[in-house]
Amino acid sequence: MNARCSVSCIVPPHILQKLLESTDPQIRGAALGSLLATTRFRAERRILSEFGFTPNIAGGMRRTIYDCQHGRVLNKSVRVCGEGDASPKDPTVKRAYDGLGKTYDFYKTVFSRNSIDGRGMRLDGYVHFARAYNNAFWNGRQMVFGDGDGRVFIDFTKSLDVIAHELTHGFTEFTANLAYHNQSGALNESISDVFGSLVKQWSLGQRADEADWLIGAEVFTPDIQGDALRSMKEPGTAYNDPTIGRDPQPGHMDDYKQSPDTEEGDWGGVHINSGIPNHAFYILAANIGGHAWEAPGHIWYESVKASTETTDFQEFADTTFHMAGRLYGAGSVEQKAVRAAWGEVGIRVNLVSGVAARAAMTADDADSVAALGRKLEGLAKQVSALKTEVAQLKEGRYPDIAET
């Protein structure tokens, strides 16, 4: 579990903070309630992380949807739909159930991955959380959806890419576990946007040139001047409205925004600077053409698996380049497209770097190296213990042992 223990939300804090400035008490109150609820869940997750968390392994797809009935305590919610049950009448419950299923099917069909942890982790969704809750989040164990305040946001289950975005935080957590701050955190958010968009495109059978590349296109009310929460195709253009402000995402490293590494600063701007790797993926998919979940998706998927907690933009760019070479051949169209895409967002790929060896490893290789590392660590501890014993003998701490 990453030390930041952040609750990963789809709506960035700068939008909710902007809503706190509204002269409308209803909008202001909903924003404050949403921020406070998220803070409470962040504290709960930090406590749970101290004890560790073992997923409930189900074997195959197993979805369960709970109705919070506008309460804020998840363990007081009511189970309303389980795997294989009759189609629920509540449209929010149905969308959550179907969205979890489409995301599971995507990872299973495209990447042969059994749920987000790869081992059949059950997928639990909680709907109708709180009142006028303007967000949806992954808390490390469950998906939680708000209904929105009806003034700025509406039901968050209406966007499939929002559901897939949040579940993908689980995939990232169980693989690279990218630290949720600065560039590694922005990369964490970007990976969720990338695969959130891919799930939507896959479910619709869209080619890269047919997709809208928008995240959360369905969550704003008609009163808000905006297309979505984020645009991968054109970062910085998703919305521009007096109530929520203007989309601050950059699409190039020249415009990288270094925010404070605090909760108020969105941990270094993780929801803002994610626009840069988002744009790189869009450019790659557009240049290769066809279905973005094929070559581009596989390159990104394997690169996440080869990443670590501290992977930054440069390291990830290098990894994707070398991974494209391993998957499709050195000098292949795909590898050249990866290099060009990162170049267009201001990141020059290192043709020879420390990540090359890691990117070239198979999963079995990585497991073998990890096992060898553990053995060496154990041997080092034994050698250290022996050195201590020898030193103690020399100092005469064991007088009953005769010197030889």
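Bear in mind these aren't lab numbers, they're just calculated from the coordinates by the rules spelled out. Keep in mind the model is a prediction, meaning the values are calculated, not measured. Note: ideal-geometry Cβ built from the backbone for every residue, glycine included; neighbour counts use all protein chains shown.
Miscellaneous remarks
- Relative contact order of region 8-269, defined on C-alpha pairs under 8 angstrom at six or more residues apart (%): 17 percent
- Extension gain, Gln26 to Glu344, is 110.2 nm, computed as 0.36 nm per intervening residue step minus the present C-alpha separation.
- Radius 14 Å from Cβ of Gly251, net charge of other residues (Lys, Arg +1; Asp, Glu -1): -3
- Net charge of Cβ neighbours under 12 Å - reference Asp227; Lys, Arg +1; Asp, Glu -1: -3
- Shape summary: region 8-269 maps onto an equivalent ellipsoid whose semi-axes, from the alpha-carbon gyration tensor, are 26, 22, 19 Å in decreasing order.
- Charge tally in the Cβ shell below 12 Å around Gly196, where Lys, Arg are +1 and Asp, Glu are -1, Gly196 excluded: -1
- Per-pair calculated FRET efficiency, R0 = 41 Å: Asp90 and Leu351 via Cβ, rounded to 0.05: 0.15
- Taking every alpha-carbon pair under 8 Å whose residues sit at least 6 apart, region 156-231 reaches a relative contact order of 33 percent.
- Nitroxide proxy distance, nm - points 7 Å out along Cα→Cβ at Asn177 and Lys336: 4.0 nm
- Applying the Karplus relation 6.51 cos²θ - 1.76 cosθ + 1.60 with θ = phi - 60° to region 278-283 yields 3J(HN,Hα) values of 4, 5, 4, 5, 4, 4 Hz, where x marks Gly and Pro.
- With neighbour counts taken as other beta-carbon atoms within 10 Å, the residues His128, His14, His252 rank, fewest first, as His252, His14, His128.
- Between the amide H of Tyr66 and those of Val80, Gly125, Tyr126, Val127, distances stay under 5 Å, these residues lying 5 or more places away or on another chain, with hydrogens modeled in the peptide plane.
- Under 5 Å, built H, 5+ apart or other chain: amide partners of Phe153: Thr221
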